[in-house]
1. Using 1/(1 + (r/R0)^6) with R0 = 45 angstrom and r between the beta carbons of residue 109 and residue 164, what's the FRET efficiency to the nearest 0.05?
2. With r as the distance between the Cβ atoms of residue 9 and residue 154 and R0 = 25 Å, compute the FRET efficiency 1/(1 + (r/R0)^6) and round to 0.05.
3. With springs connecting C-alpha atoms under 10 Å apart, model the chain as a Gaussian network and identify which of 59, 22, 103 has the largest mean-square fluctuation.
4. Mind checking the alpha-carbon convex hull of the range 77-167 and giving the volume per residue in Å³?
5. Is the range 121-167 rounded, prolate or oblate when judged by the Cα gyration tensor, a ≥ b ≥ c being the square roots of its eigenvalues, rounded requiring a/c under 1.5 and prolate requiring a/b larger than b/c?
6. What distance in nm lies between label points placed 7 Å from Cα along the C-beta direction at residue 118 and residue 85?
7. Which angle from 0 to 90°, rounded to the nearest 10, does the C-alpha axis of helix 44-60 make with the longest principal axis of the chain?
8. Return the single residue from 99, 41, 152 with maximal mean-square fluctuation; model: Gaussian network over the chain, springs between Cα atoms under 10 Å.
């Protein structure tokens with residue numbers, strides 16, 4: 001990432017980084033549902049079995065997309081704090097955070113349509129606790145690390161699924 005910043009600096013391009021983190025358990029569930037939906041396989045039994053396999057796989061190898069600690073470290077090494085906007089996806093759709101984002105990006109605030117949802121995928125499948133516990137266990141270090149580094153984000157409030165299952 002330092003290389004990216006240096007290349008932009010050489011060209012006098014202002015760099016404004018935006019890094020949004022989503023509840024890691026919810027992110028994995030959503031990602032897997034999207035995969036199944038694209039294949040036309042989003043049905044409760046298939047979803048349960050697929051998530052069971054995903055949970056098993058995550059015990060063997062962590063998810064790079066949820067490795068927020070690695071990304072936070074790389075960002076802090078490459079960019080000045082004033083150039084970073086680090087927030088939770090779950091908080092982005094609130095007026096105060098959205099206003100902060102606009103200020104960070106130096107763009108005028110425009111009132112969004114708060115009720116419009118894109119790619120929303122709420123599950124209608126009851127997932128077994130053992131699947132959620134396994135996914136949560138695979139994400140526990142990430143959850144604890146983010147909570148320790150950024151306590152102001154109040155993960156217990158904004159990441160209820162991870163707060164319950166990342167033990």
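Read the figures in this text as sums done on the coordinates, not as results from a lab. The structure displayed is predicted, hence computed values, not measured ones. Every residue, glycine among them, receives a Cβ derived from its backbone with ideal geometry; neighbour counts consider all protein chains shown.
1. Calculated transfer efficiency: 0.85.
2. Computed FRET efficiency for residue 154 and residue 9 comes out at 0.15.
3. It is 103.
4. Convex hull volume per residue, Cα atoms: 140 Å³.
5. Since a/c reaches 1.5 but b/c is at least a/b, the shape of the range 121-167 is classed as oblate.
6. 1.5
7. 60
8. 152
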